1. Considering the options P45, S63, A128, tell which one lies farthest towards the positive end of the dipole of the chain, charges being +1 on Lys and Arg and -1 on Asp and Glu at the Cβ, about the Cα centre.
2. Quick one: dipole size for the chain, taken about the Cα centre, charges +1 on Lys/Arg Cβ and -1 on Asp/Glu Cβ, in debye to the nearest 20.
3. Over all distinct alpha-carbon pairs, what is the Kirkwood Rh of the stretch 38-90 in angstrom?
4. Suppose the chain between V109 and A58 were pulled fully straight at 0.36 nm per residue; how much longer would it get relative to their current alpha carbon spacing?
5. Once fully extended, how much extra length lies between R21 and T49, figured as 0.36 nm per residue of separation less the alpha-carbon to alpha-carbon distance?
6. Taking 25 °C and 0.890 mPa s as the conditions, I'd like the Stokes-Einstein D for the stretch 28-117 in µm²/s, using the Kirkwood hydrodynamic radius from alpha carbon pairs.
7. I'd like to compare 30-37, 85-92, 103-110, 4-11: which one has the highest average count of other Cβ atoms within 10 Å, and what's the full order after that?
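What follows draws every value from the coordinates through simple rules; no lab data is involved. What you are looking at is a predicted structure, and each value in this text was computed from that prediction instead of being measured. With ideal geometry, Cβ positions are generated from the backbone for all residues, glycine too; neighbour counts draw on all protein chains shown.
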Amino acid sequence: MTSTLPERLGAATSRLQALLRRQFAQAEITFTQARTLSTLATQGPHRVTDLALLEQVAQPTMSNLVARLEDRGLVKRKPDPSDPKATLISITREGTRQWQSMIALRTNVVASGLALLTRSDKKALEAALPALEHLVDELQGSGVPHGRR
């Protein structure tokens with residue numbers, strides 16, 4: 001039985017994500033912690049509740065995750081200027097350094113895999129990137145349920 005494009009694409013991206021999770025675990029950071037640092041590095045400070053929504057985890061889970069990141073000096077809390085009762089979470093210099101290290105790790109893992117492929121496979125992946133990026137953009141903006149991680 002032949003798998004459909006959605007099944008094959010989903011399986012391939014899941015396998016790649018699992019591989020990256022294992023690599024991040026060896027770097028002593030969870031995938032959700034890495035994604036949270038990435039969000040803070042690229043989008044700026046957020047409230048814990050907003051981070052929980054973005055990362056699709058429960059608010060108490062995100063609170064615990066932020067506390068662990070704070071203990072490691074990777075994030076800090078500061079008052080939200082728009083609401084004195086609220087707190088914003090922002091990335092620290094050390095958190096930015098850790099995030100950049102994770103980007104380098106991800107890049108090295110993917111580059112090492114690409115080095116094993118034929119030139120034609122690499123060209124096919126490069127040609128497919130705009131469509132894949134467009135697919136992700138559409139899914140992120142479509143309200144399609146993403147499930148809990």
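1. After comparing all options, I get S63.
2. Dipole size: approximately 400 debye.
3. Value: 11.1 Å, from the Cα pair sum.
4. Values: separation 51, 0.36 × 51 = 18.36 nm, distance 2.98 nm.
Fully extending the segment from V109 to A58 adds 15.4 nm.
5. Details: separation 28, 0.36 × 28 = 10.08 nm, distance 2.37 nm.
Between R21 and T49, full extension yields an extra 7.7 nm.
6. D, rounded to a whole number, is 178 µm²/s.
7. Those peptides, ordered most packed to least, come out 30-37, 85-92, 103-110, 4-11.
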